[in-house]
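The values are calculated or read from the model by the stated rules, or taken from the named source; none is laboratory data. Please read all numbers here as calculations on a predicted model, not as lab measurements. For the accessible areas, the whole protein counts, side chains as well, though only heavy atoms, and no ligand, DNA or RNA atoms are used. Shrake-Rupley method; radii C 1.70, N 1.55, O 1.52, S 1.80 Å.
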Amino acid sequence: MNTTLMDHATGTMAVGSKSFATAAKLFDPATRRSVLMLYAWCRYCDDVIDGQELGFNATPVDSAQAELRLEMLKKQTLRAWEGGEMHEPAFAAFQEVALGHNIPLQLAYDHLDGFAMDVRETHYETFDDTLQYCYRVAGVVGLMMARVMGVRDEAVLDRACDLGLAFQLTNIARDIVEDARVGRCYLPAQWLAEADIPPEAIAQPKMRAPLADIAQRLVAEAEPYYASARQGLAGLPLRSAWAIASAHGVYREIGVKVSAAGSRAWDKRQGTSAVEKSGLLLKGAGQALTSRFATQTPRPAGLWQRPR
């Protein structure tokens, strides 16, 4: 086993995603390794496109640079997927996961296209447009993670995608002001127009009250996807179900806090404390166990449908 690669992946998640890092410790060792490897690749590609390090200290990247970087990442990802020799740890990590769990190449490409949408300054006119972005940057990660956990049932994969969508909607609500300060906006333009918020004024303090209404709307829109995702726990191995139920609880709680804070939601970065995480891990254990016996309900027809 390549322990250096594992150390790299573990360190990447510890810095890049504190919310998921706690839940990731609950997987069985083999699954945890693959989850961390996949995350390391995702984080690296995001950083390369954005000109940042582990999600922080982004430097301006023009669209031409971004397109060149995207093509480089796609070539390296393809080479890894085809089994070529890899020297960059992130691509060696992806190779191990992709070949070990039969990850479709198109999912990896879709994820890279999501990063590219950031630097292309993609415009999101409708909520469906926002969900398209959420699918690429998070829904496909849910699909790849589920495959790492042994899932091949399309119905369970749908639920994994739903969890990714819910996570990203929560992230968008939490980071509205922070994103706006670096010139990014994932909110539907229709929603902003209805609230009389000019896109260029999102980060201004005077917009906090109407912005709070939009954040609460986003959090509410995430709820059906969180509910759908819980139905997928039964299709996961027990320890994986525990990890995912715990991550589900941690992210959902962040959305609850954003919604409850109203116009003060962006005075500080919303998150969960160590004590709260411990409680949510215990709650996740109960949900994982009860999922073994729960009656399954069909996925609601009104939810966004992932590409097939």
When the chain is modelled as a GNM with alpha-carbon springs shorter than 10 Å, which of VAL275, VAL141, VAL48 fluctuates the most?
VAL275
Shape of region 80-239 from its Cα gyration tensor (a ≥ b ≥ c, root eigenvalues): rounded if a/c is under 1.5, otherwise prolate when a/b > b/c, or oblate?
oblate
Residues of type aspartates and glutamates that LYS283 reaches as a straight line, Cα spacing below 16 Å, ignoring anything fewer than 8 places off in the same chain
GLU253
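Over all distinct Cα pairs, what is the inverse of the mean 1/r for region 170-308, reported as the Kirkwood hydrodynamic radius in Å? Each step should come with its number before you reach the end.
On the way: mean 1/r = 0.0604 Å⁻¹.
Computed over region 170-308, the radius equals 16.6 Å.
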29 Å Cα-Cα reach of LYS74 towards lysines, excluding residues that sit fewer than 8 places from it in its own chain:
LYS18
Once you have a ≥ b ≥ c as the square roots of the Cα gyration tensor eigenvalues for region 35-157, tell me rounded if a/c is under 1.5, and otherwise prolate or oblate according to whether a/b is larger than b/c.
oblate
What is the Cα convex hull volume of the chain when expressed per residue in Å³?
126 Å³
Whole-angstrom gap from region 222-288 to region 186-200, using each part's C-alpha centre
28 Å
Going through the DSSP H helices of the chain, which span 15 Å or more along their own axis at the Cα atoms while scoring at least -0.5 as a mean Kyte-Doolittle hydropathy?
3-16, 29-50, 89-101, 105-119, 154-174, 208-230, 238-261, 274-291
Output the relative contact order of the chain, whole-number percent, from Cα pairs under 8 angstrom with separation of 6+ residues.
18 percent
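Carbon and sulfur atoms: what percent of the 1.4 Å accessible area of the chain do they account for?
C and S fraction of accessible area: 55 percent.
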Can you compute 3J(HN,Hα) from phi for each residue in region 295-308, using the Karplus curve 6.51 cos²θ - 1.76 cosθ + 1.60 with θ = phi - 60°, rounded to whole Hz and x for Gly and Pro?
6, 7, 10, x, 5, x, 5, x, 6, 4, 9, 6, x, 10
